[in-house]
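Taking it in order: structure first as C-alpha cells, then the write-up.
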Amino acid sequence: MRVCIIGGGPCGLMSLAAWQDLKNQGVEIPEVVAYERWHTVGGLWNLNEKVGIDDDGEPVHHSMYNALWTNFMKEAIEFPDYPFEEHFGKPTCSFPPREALRDYLLGYTRKFKVDLGQVKTNHIVRSVRW
C-alpha cells in the first residue's frame, strides 16, 4: 500500500506529521509521498510573484503577495498541538503576516520531525487513480 498526499501546505504537512507519529510509535506504515507544485513546502504561503504561464507551460495563479496579512484569526488556523506562542516564544498578533505564517509552518515541520524527503517538490498532480 502507498499513500499519496497532494500538497505541501498546512494540511499536507499535518498529514505527514501524523504518519511520522505512527511510525515513531512503532506502527508499520505504508510508503508515504507528498507532491508539492512549488519548489518548497508551505503551499500557498510561499511567495511567488510570477503569474501567467510557468516554464512547464502550466498556468500560474497565486493569491499571495509580499505585504499580505491573513484574514483569519491565528486561533482558527494554528495547529492544536503547536500554538503560535510556542513557535514565536511570545504572544503574537491575531492576524499574522504571510511570512510569519510560512515561518510557523516550517517550525511545525521541525518540531514534529516531518521527513521533508517524503515531499517531491516541483511536481504537479493532474490525475489520481486508485
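Every number in this text was worked out from the coordinates using simple rules, so none of it is lab data. Please read all numbers here as calculations on a predicted model, not as lab measurements. Using ideal geometry, Cβ is built from the backbone for each residue, glycine included, and neighbour counts are taken over all protein chains shown.
Taking the fewest neighbouring Cβ atoms within 10 Å as the starting point, the ordered list for 49, 99 is 49, 99. Straightening the chain between residue 86 and residue 130 buys 11.9 nm, computed as 0.36 nm per residue apart minus the Cα-Cα spacing.
Taking the inverse of the mean 1/r over every pair of distinct Cα atoms in the stretch 2-120 gives a Kirkwood hydrodynamic radius of 15.5 Å. Using the Cβ of residue 7 as centre and a radius below 11 Å, the other residues enclosed give a net charge of 0, where K and R count +1 and D and E count -1. Taking other Cβ atoms within 10 Å as a rough exposure proxy, 104, 65, 35 sort from fewest to most as 65, 35, 104.
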